[in-house]
Amino acid sequence: MTIPANLKYTKDHEWVRIDGEEAEFGVTDHAQEAIGDVVFVELPEVGQRVTAGESFAVIESSKAASDVYAPVSGEIIAINEALEDAPQLINEDPYGKGWIARIREVGDEHQELMDAETYGVFLQE
Amino acid sequence: MNTMASTGLQHEEPLLFEYQHTDADSISLPGVDDALPVSLQAHCRQQAAGIPGLAEPESVRHFVRLSQWNHGIESGFYPLGSCTMKYNPRVNEQLVRLPGLAHVHPDQPDDTVQGLLALLHGLQQALGEIVGLPHVTLQPAAGAHGELTGMMLIRAALDARGESHRRTVLIPDSAHGTNPASASLCGMRCVELKSGSDGRLDLDALDAALDGDVAALMLTNPNTAGVFERNIADICARVHAAGGFVYGDGANLNALIGKARPGDMGIDCLHINVHKTFSTPHGGGGPGGGPVAVNDALAPFLPVPRIIREGETYRLQHTDGQSIGHVLGSIGQVGVLLRAWAYILAFGREKLHLIAEDAVLNANYVLARLQDAYDVPFPGLCKHECLLTDHRQEKQGIKTLDIAKRLIDMGFHPMTVYFPLIVHGAMLIEPTETESKATLDAFCDAMLEIAAACEAGDTAALHEAPVLPFRQRLDETTAARKPVLTWPQTEQA
């Protein structure tokens, strides 16, 4: 179970990578393990505004469909279109090729998210 | 494909399209003598239909062999949680095939179907009495259709009192997936309520969500974790105080029959999966029946036609000012409804409670035998089904799916897996009231054998299972990622 030190985490097992004015979202290694083999990802649209804590994508596995919640607010500037043909990227590389969306005008909610150490403790509980 | 492969007299069977020859016809059509009328020529098929040509005996054998691969409640134990796979008494099958019941037409005049209407009216009254909600429609064709009907009734009642802004439906995260689907289809906005640590609805989460836009709470009791919502009266009072209705999903009614009534708990509207609770063969996906029972507040909005009794005669009432109208093209799935009435009458008012007692006893017997070998996420007595997880086996690399597949090799239909979603690696076991102790023991022995093999690190058979059926472990992931839904007709002209 990997938890990269340079990311922030939500209690719903999303990660966010803050990159200046922009941010990238995805789901954690723990999340992809719990969801199982991903078979379909319903992606948001570029230009859509997302609000922290609200569902912006859906991940389907053979077990269930799971909402993905935005870790921070902002406007979507890019989505990972590779997931349309290769949803398994979320299982294979959740923090890299399995990213879901990029946003700009990042809200300041990320101050309240967990760092890697806190998320690790949260998972233990 | 070798079409002759067999194990003993159990036959391997190819798809219809995989039969080698395509020229045999089991039906000879006479053809058309003259030129087609102009009006039909546009509809002429341009290419061959691509229907495989099989002789009649081949067709019959194909479908009979496939049926022999099937597993049903009549071939073995079928503890599929949340599905209530109880035995379907043979006498009910005889009853619904009586010519006077099987051969009537839905549009026959009322005075020619008095017997049938009398039976359906009797069922309607009995269902109302069993659930404590006196006004019943038999029309909905199955459970989710009942949910949609119930949502439409609640919406109509809110509109009638000038509260059309109330469009939020609160749904616990343990709910059946049909609940949010039905509410959404009815134009409602769904809000998910997180369950508490005991698997029950969290009252604080409910209070936080109860605002002036709430139309209803949709609740299953006992819930999908197999536990009774012991705060149900308080829950209903809070929703009512906030101006909303409480919709009861009757999927788990088998735990309550003759013991407790949803209407007495404060629930306003409930659907009853009669094919489950009162026995109809339903493993193949239907037909079902989802009668909806309501209290006085919702009664004016019930669908038409309604079955009305006037003295010793019965008639269908086809219009009523506030009714939401028809939800089905007939008065209901008559065959399913008649089986339900027969099941109820076989017990009678005095003995009906035995259904719930035996169903709950059987589930708790299974729980008691398995609780030292498997993780029990919500300890204590369960209702009609018990919930386990793979938490202990996971340490040996064995997951719920492996356990379920191994059960197939051991002669049992698996339990429901990975539902409810509120626990990791769920295994939901519902034995129903119609299983003997010997059957329950055989199933528990198999489950304990699997747990013991895990404990001993002897897990090879679990990873490979099932090895005995014609089809071994299917690749569900590829089937979902790259579904092939049509037979490639490459050889067609």
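The values are calculated or read from the model by the stated rules, or taken from the named source; none is laboratory data. Computed from a prediction, not measured in an experiment: that's the story for all the values here. Cβ: placed from backbone, ideal geometry, glycine included. Neighbour counts: every protein chain shown. These area figures cover heavy atoms from the full protein model, side chains too; ligands, DNA and RNA do not enter into them. Shrake-Rupley method; radii C 1.70, N 1.55, O 1.52, S 1.80 Å.
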With label points set 7 Å from each Cα along the Cα-to-Cβ direction at B:L29 and B:R473, the distance between them in nm comes to 4.7
Restricting to lysines and to Cα separations under 18 Å from B:K482, and discarding same-chain partners fewer than 8 apart, the set is A:K63
Restricting to Cα pairs under 8 Å and 6 or more apart, the percent relative contact order of the range B:354-470 works out to 32
Counting only DSSP beta bridges fully inside the protein assembly as shown, the antiparallel percentage to nearest 5 is 75
Cross-link reach from A:K11 to lysines, straight Cα distance under 18 Å and at least 8 residues apart if same chain, gives B:K194
Listed by chain and number, the lysines with an alpha carbon less than 30 angstrom from that of B:K351, same-chain partners under 8 positions apart left out, are B:K86, B:K259, B:K276, B:K383, B:K437
To the nearest 20 debye, the range B:104-351 has a Cα-centred charge dipole, built from +1 on Lys and Arg Cβ and -1 on Asp and Glu Cβ, of 400
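What number comes out for accessible area per residue over the range B:354-470 if the probe is 1.4 Å? Units Å², please.
40
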Burial-style ranking of B:79-92, B:145-158, A:11-24, average other-beta-carbon count within 10 Å with highest first, yields B:145-158, B:79-92, A:11-24
Contact-by-burial set, the range B:405-429, min loss 30 Å², accessible area of protein heavy atoms with 1.4 Å probe, reference chain alone, gives B:Y418, B:L421, B:H424
One computes Rg over Rh for the protein assembly as shown from alpha-carbon atoms, with the Kirkwood Rh, and obtains 0.99
Out of A:L113, A:G96, A:V58 - ranked by how far each Cα lies towards the positive end of the dipole of the protein assembly as shown, with unit charges on the beta-carbon of charged residues - the top one is A:V58
With B:K86 itself left out, Lys, Arg at +1 and Asp, Glu at -1 over residues whose Cβ is under 11 Å from its Cβ give -3
Of the residues B:Y78, B:V239, B:L361, the Cα lying farthest along the dipole of chain B towards its positive end, which is defined by charges on the beta carbon of Lys, Arg, Asp and Glu, belongs to B:V239
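What FRET efficiency would be calculated for the residue pair A:A34, A:R104, taking the C-beta separation as r and a Förster radius of 41 Å, to the nearest 0.05?
Efficiency computed from Cβ-Cβ geometry: 0.85.
What's the buried accessible area, both sides, between B and A using a 1.4 Å probe, rounded to 100 Å²?
Summed over both sides, the interface buries about 800 Å².
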So the carbon and sulfur contribution to the accessible area of the range B:104-351, 1.4 Å probe, in percent, is 52
Square roots of five times the C-alpha gyration tensor eigenvalues of the range B:131-176, ordered largest first and given in whole Å, equal 20, 17, 10
Taking only the Cα positions of the range B:248-348, the convex hull volume per residue in Å³ is 136
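Can you tell me the equivalent ellipsoid semi-axes for the range B:104-351? Use √(5λ) from the Cα gyration tensor, largest first, whole Å.
Taking √(5λ) for each Cα gyration eigenvalue gives 30, 20, 15 Å.
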1/(1 + (r/R0)^6) with r = Cβ-Cβ of A:E112 and A:R49, R0 = 22 Å, i.e. FRET efficiency to nearest 0.05, evaluates to 0.65
The answer for the range A:14-106, accessible area per residue at 1.4 Å probe in Å², is 43
Here the FRET efficiency for B:S197 versus A:E42, based on Cβ atoms and R0 = 30 Å and rounded to 0.05, is 0.50
